[in-house]
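Participant: Take a look at the following structure, please.
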Amino acid sequence: MRLSMLPAPPDDERAGSATAARRRARRARSRMAVLAVLTAVLIAGSATYACGPLRPVTADVAEALISVEEERRLGDELARELETEVELLDDADVQRYVQDLGDRLLASAPEAPEGMAYRFRVIDAPDQVNAVALPGGYVYVFSGLLLAAGDEAELTGVLAHELAHVTERHIAERLVAQLGVDALAQVALGRDPGLARQLATAVAAQGVLTRYSREMEREADYYGVLYLARAGWYPESYAQFFDKLAAQSDRPEVLAFLQTHPAPAERAENARALIASLTAVPTFTGERRYERVRSRVGQVVGDATPSAADLALAPPPAMR
Ligand SMILES: [Zn+2]
């Protein structure tokens, strides 16, 4: 998709021309500045970097403190731990389907750093309407969300939002702020199984690894809508899913989601403002195909049970 089709990004992330190079240079400078501060702190005799002094931690700071490679190692550990705590949905076709949706989004996300896992998996938890991203590009969606989504674009919108938390390095940033680099390094090296288990247990029980700032959620919604539209899905579905959650706020299944995210009505409104500024809006929702996916996740048996071939993805007509 051409950059000219995009509305202006929310902050200094404006794409194009020499800004990418400037951004890299800015990050390099920022990295050096942070390392200088850290060195000074360490020389002064403080053995560990705690979360206080450098708040609010910016994306640049997160990048300076924990590289993509380090974040990936941390994610490898946490994903392994999480998958001992939860059951993944026992359906290879549905797992492949969700991975494929993620891959299609990724192909439309030039912001995505290289070296992340970009692994999209379904956790078998029909009573949870939620999704979560771990460090290193591991995105998990709970099967309750697959059942709650009305069409493929709604599900893909949620994946796009989680992918944006990954591409914008929000997860690393929050974890560094909360736990400090030393603790994260220990987990990444497999030397703190207790903390790894604690984090994985929180994800398994509540679908939450860390709380993002409102700014981060806004940014993830911004890129989420863009990734969805660029990849060729109807972006209105992104907002539609929030309407649905707002209308179901009394359901215990959506409680954790609502408690850990900004109000869905406000998010829907922001998403619609962004969609209105898109110069081309795809209309593909994947509704019919999604009915088959949902019935399969719901373990509907008999003639209606779709085959693997039924779930095979035809590409959405992408915006190009
Ligand atoms: Zn979020």
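The values are calculated or read from the model by the stated rules, or taken from the named source; none is laboratory data. What you see is a predicted model; the values in this text were computed from it and never measured. In this analysis, Cβ positions are derived from the backbone assuming ideal geometry, glycine residues included, and neighbour counts consider all displayed protein chains.
Participant: Take the stretch 184-204 and flag every residue that is farther than 25 Å from Arg218 by Cα and in contact (Cβ under 8 Å) with a residue 60 or more places away in the chain.
Facilitator: Taking the stretch 184-204 and keeping what is farther than 25 Å from Arg218 by Cα, we get 184-198, 200-201.
Leu184, Ala185, Val187, Ala188, Leu189, Gly190, Pro193, Ala196, Arg197, Ala200, Thr201, listed by residue number.
Participant: Among the residues of the stretch 92-117, how many are touching a residue at least 24 places away in the same chain (Cβ under 8 Å), touching a Phe, Trp or Tyr at 6+ places or on another chain (Cβ under 9 Å) and not β-branched (Val, Ile, Thr)?
Facilitator: So the answer is 13.
Participant: Could you give me the residue pairs with C-beta distances under 7 Å whose first residue belongs to the stretch 154-171 and is under 16 Å from Lys244 (Cβ atoms) and at pLDDT 95 or above, whose second residue is part of a helix (DSSP H, G or I) and among the polar types (S, T, N, Q) wherever it lies, and which are 6+ apart or on separate chains?
Facilitator: Qualifying pairs under 7 Å: Glu154/Ser237; Glu154/Gln240; Gly157/Ser237.
Participant: Could I ask something else about it? Surrounded by fewer than 22 Cβ atoms within 10 Å (Cβ to Cβ) and at pLDDT 90 or above: which single residue out of Thr260, Thr285 fits that description?
Facilitator: Values: Thr260 fails: at pLDDT 90 or above.
Being surrounded by fewer than 22 Cβ atoms within 10 Å (Cβ to Cβ) and at pLDDT 90 or above holds for just one of Thr260, Thr285, which is Thr285.
Table: residues versus (1) part of a helix (DSSP H, G or I); (2) of a type outside the set (Gly, Ala, Ser); (3) away from the ligand (no atom under 15 Å from the Cβ); (4) surrounded by 18 or more Cβ atoms within 10 Å (Cβ to Cβ).
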| residue | (1), (2), (3), (4) |
| --- | --- |
| Glu71 | yes, yes, yes, yes |
| Gln95 | yes, yes, yes, no |
| Val98 | yes, yes, yes, yes |
| Leu101 | yes, yes, yes, yes |
| Gly157 | yes, no, no, yes |
| His165 | yes, yes, no, yes |
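Participant: Based on this model, can you work out whether Asp127 counts as within 25 Å of Asp100 (Cα to Cα), modelled with pLDDT under 95 and among the acidic types (Asp, Glu)? Step through it out loud before you land on a result.
Facilitator: Working: within 25 Å of Asp100 (Cα to Cα): yes; modelled with pLDDT under 95: yes; among the acidic types (Asp, Glu): yes.
Yes: the conditions hold for Asp127.
Participant: Return the residues of the stretch 143-177 that are under 15 Å from Ala79 (Cβ atoms) and among the hydrophobic types (A, V, I, L, M, F, W, C); say none if nothing qualifies.
Facilitator: Selection gives Val166, Ile171, Ala172, Leu175.
Participant: Which is at pLDDT 90 or above, buried (at least 17 other Cβ atoms within 10 Å of the Cβ) and over 27 Å from Val94 (Cα atoms), of Ala276, Ala271, Ala220?
Facilitator: Unique residue meeting the criteria: Ala271.
Participant: Next question. Starting from residues that are under 16 Å from the mean Cα position of the chain (by Cα) and of a type in the set (Val, Ile, Thr), keep the ones in the stretch 167-195 and report whichever is farthest from the ligand (Cβ to nearest atom). Before the answer, list the steps.
Facilitator: Initially, the stretch 167-195 is screened for residues under 16 Å from the mean Cα position of the chain (by Cα), giving 167-175.
Cutting the leftovers down to of a type in the set (Val, Ile, Thr) gives us 167, 171.
On the way: Thr167: 13, Ile171: 10 Å.
Within the stretch 167-195, the match that is farthest from the ligand (Cβ to nearest atom) is Thr167.
Participant: Which condition number in (1) surrounded by 15 or more Cβ atoms within 10 Å (Cβ to Cβ); (2) hydrophobic (A, V, I, L, M, F, W, C); (3) at pLDDT 95 or above is the one that Ala107 fails?
Facilitator: (1)
Participant: Then there's this: Suppose we filter the stretch 196-241 for residues that are more than 16 Å from the ligand (Cβ to nearest atom) and either assigned to a helix (DSSP H, G or I) or out of contact with any Phe, Trp or Tyr (no Cβ under 8 Å at 6 or more places or on another chain) (or both); how many remain? Break it down into steps so the answer makes sense when it comes.
Facilitator: First pass over the stretch 196-241, keeping only residues more than 16 Å from the ligand (Cβ to nearest atom): 196-201, 204-205, 229-237, 240.
Those still in the list that are either assigned to a helix (DSSP H, G or I) or out of contact with any Phe, Trp or Tyr (no Cβ under 8 Å at 6 or more places or on another chain) (or both) too: 196-201, 204-205, 229-231, 235-237, 240.
Residues meeting the conditions: 15.
Participant: Looking at (1) at pLDDT below 95; (2) farther than 16 Å from Val129 by Cα; (3) buried (at least 19 other Cβ atoms within 10 Å of the Cβ), can you tell me which one Arg211 breaks?
Facilitator: Only one criterion is unmet by Arg211, namely (3).
Participant: Let me ask something additional. Tally the residues that are over 14 Å from the mean Cα position of the chain (by Cα) and either within 13 Å of the ligand (Cβ to nearest atom) or among the small types (Gly, Ala, Ser) (or both), restricting the search to the stretch 117-144. Reasoning before the result, please.
Facilitator: Going residue by residue through the stretch 117-144, those that are over 14 Å from the mean Cα position of the chain (by Cα) are 123-129, 143-144.
Checking which are either within 13 Å of the ligand (Cβ to nearest atom) or among the small types (Gly, Ala, Ser) (or both) leaves us with 125, 143-144.
Number of matching residues: 3.
Participant: Taking the stretch 167-187, which residues are surrounded by 23 or more Cβ atoms within 10 Å (Cβ to Cβ) and among the acidic types (Asp, Glu)?
Facilitator: Within the stretch 167-187, just Glu173 meets the criteria.
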